Amino acid sequence: MVDLKGQYLKIKERVDASILEVVESSAFINGPEVHAFQKELEDYLGVKHVIPCANGTDALQIAMMGLGLEPGDEVITADFTFAATVEVIALLRLTPVLVDVDPVNFNIDIEAIKNAITPKTKAIVPVHLFGMAADMDAIMDLAKEHNLYVIEDNAQGIGSDYTSRNGQKIKTGGIGDVGTTSFFPSKNLGCYGDGGAIFTNDDGLAHTIRGIVNHGMYKRYHHDVVGVNSRLDSIQATVLRAKLPHLDSYNSARRDAARKYSKAFSTHEKIITPTICDSCDCHVFHQYTLRVKDTDRDALAAHLNAQGIPCGVYYPIPLHSQKAYADERYNEEDFPVTNQLAKDVISLPMHTELDDDQIDFITQTLIDFVNK
Ligand SMILES: *Cc1c(COP(=O)(O)O)cnc(C)c1O
């Protein structure tokens, strides 16, 4: 699905040298590399504050702790996403409210959010799924109208440019009250282990969060709030510093591969390709996910695997149907899109090192199976 080795070989010299420097400096935790990466990411994203942490799941949890959400508060998020999003809501004893998604961009459905808002709703968590920016103008409008926080789960969308209705381009993750990301190795900006970060333009919230990630300490050995221990280490930070200058070109390589896939599939009725915007870079293709009609998706996946083509099904089971998150509050008829997507989506190999021969082989194998 991803070719991390090929990508590494192209930046090997810098990465090897900087890892060695960290080892020799022995500044493994909270060293200058972490601070430098934080500043560079702030500049790249155009946000005032980046707070690095241990992984993308922690980032979501810490964001919610920082906003002071309390047990019983309702948090609306998408039914069609990775479980981390709903997991931290449940862990904090907040009430997850799962809603359906849009069939075209796979992101949280605006009408469904409207229908789910109650007097207890405190926050909306849009996920920029597969790297496609959610409809942030509409989400921010709703949040303003109902006085809700917006936490952007940008684990799959780093580098994506959202164009707001006034024409302004803004990086996802810096639009809501707080944004989060993951540097898991296969993410668009991945390190060589675990890592994550929280973004905000709010000085007060940034201060609160900096204490939370460090055991609730604002002054050494004074614990004002219950915090966590969540850090990005210096070796990961130095890898991220080596990769950040390439993020835009990595994302355009992904978009190029996506365009080639979509072009090959364009005349095939049973294959529904993801939307690609020609006028902006709102999609960074963390995944290239298509839908197949009148085709046994699982048999297709098995066939691709048998031909040596890795593929993935993200996500095969809607969150509202997962044992951990099922709840009598949910009705099947409220999730027609997610239920359908769980049956017909398939994600193809997507990374920065895909070449034309690979794309031709993948697309032809898929087309032959679907037309069989
Ligand atoms: C990867 C991911 C996370 C979690 O990130 P980790 O670093 O693995 O904890 C959260 N949300 C989404 C949408 C993700 O894709």
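So how do 230-237, 144-151 stack up, highest first, on mean other-Cβ count within 10 Å?
With the highest mean Cβ count within 10 Å placed first, the list reads 230-237, 144-151.
Between the alpha-carbon centers of the range 171-193 and the range 80-128, tell me the distance in whole angstrom.
Measuring centre to centre over Cα atoms gives 19 Å.
Could you tell me the accessible area of Glu70 in Å² (1.4 Å probe, neighbours in place), rounded to the nearest ten?
120
Ordering Lys343, Lys293, Lys243 by accessible area with a probe of 1.4 Å, largest first, what comes out? Let's see the in-between values first.
On the way: Lys343 135, Lys293 95, Lys243 0 Å².
Order by accessible area, largest first: Lys343, Lys293, Lys243.
Only four residue types carry charge here, +1 at the Cβ of Lys and Arg and -1 at the Cβ of Asp and Glu. Report the dipole size of the range 3-152 about the Cα centre in Debye, rounded to the nearest 20. Don't skip to the end; give the middle numbers.
Details: 11 positive and 24 negative charges, 49 e Å.
Approximately 240 debye in magnitude.
Past the 22 Å Cα-Cα mark, which pairs from Lys39/Lys171; Lys12/Lys48; Lys171/Lys243?
Working: Lys39/Lys171 16 Å; Lys12/Lys48 31 Å; Lys171/Lys243 18 Å.
Flagged as over cut-off: Lys12/Lys48.
Among Ser18, Ala253, His223, which residue has its Cα furthest toward the positive end of the charge dipole of the chain, with +1 on Lys/Arg Cβ and -1 on Asp/Glu Cβ?
Ser18
So what's the projected area for the range 42-112, the Cα convex hull averaged over all directions, in nm²? The partial results should precede the final answer.
On the way: hull surface 23.9 nm².
Averaged projected hull area, Cα only: 6.0 nm².
Among the DSSP beta bridges whose two residues both lie in the chain, what percent are antiparallel, rounded to the nearest 5?
On the way: 25 of 40 bridges.
So the antiparallel bridges amount to about 60 percent of the total.
Ordering Tyr325, Tyr192 by how much accessible area each has at a 1.4 Å probe, largest first, what is the list? If you can, show how the numbers build up before the last one.
Details: Tyr325 40, Tyr192 95 Å².
My answer, sorted largest first, is Tyr192, Tyr325.
Let me know the charge dipole size of the chain about its Cα centre in debye, to the nearest 20, where only the beta-carbon of Lys, Arg (+1) and Asp, Glu (-1) is charged. Display every interim value, and only then the final one.
Numbers: 34 positive and 52 negative charges, 112 e Å.
Magnitude of the dipole: close to 540 debye.
How large is the accessible surface of Asp278 in square angstrom, using a 1.4 angstrom probe and rounding to the nearest 10?
Per-residue accessible area (Asp278): approximately 140 Å².
Remind me, what semi-axes does the range 190-257 give for its equivalent ellipsoid, largest first in whole Å, using sqrt of 5 times each Cα gyration tensor eigenvalue?
Numbers: eigenvalues 200, 41, 16 Å².
Equivalent ellipsoid semi-axes, largest first: 32, 14, 9 Å.
Between the range 44-71 and the range 230-294, how far is it from one alpha carbon centroid to the other, in angstrom?
Taking the Cα centre of the range 230-294 as reference, the centre of the range 44-71 is 24 Å away.
Work out the charge dipole of the range 23-145 with +1 on the Cβ of Lys and Arg and -1 on the Cβ of Asp and Glu about the Cα centre, then indicate which of Pro32, Val127, Thr95 is farthest towards its positive end.
So the residue we want is Thr95.
Round to the nearest 10 and report in Å² the accessible area of Met140, as given by a 1.4 Å probe over the protein chains' heavy atoms.
Its heavy atoms expose roughly 50 Å² to the probe.
Among Tyr330, Pro310, His207, whose Cα projects farthest towards the positive end of the dipole of the chain, with charges put on the beta-carbon of Lys, Arg (+1) and Asp, Glu (-1)?
Checking the options against the dipole of the chain, the answer is His207.
Subtract the Cα-Cα distance of Asn115 and Lys372 from 0.36 nm times their separation in residues, and report this length gain in nm to one decimal.
Numbers: separation 257, 0.36 × 257 = 92.52 nm, distance 4.22 nm.
Taking Asn115 through Lys372 to full extension adds about 88.3 nm, to one decimal.
What percentages make up the Cα-Cα pair-distance distribution of the chain when the bins are 20 Å wide from 0?
It works out to 29, 58, 13, 0, in whole percents.
The values are calculated or read from the model by the stated rules, or taken from the named source; none is laboratory data. Everything quoted here is computed from the prediction, not taken from an experiment. Don't worry about glycine lacking a Cβ; one is built from the backbone with ideal geometry, like all the others, and counts go over all protein chains shown. With ligands, DNA and RNA removed, areas are computed over all heavy atoms of the protein, side chains included. Shrake-Rupley method; radii C 1.70, N 1.55, O 1.52, S 1.80 Å.
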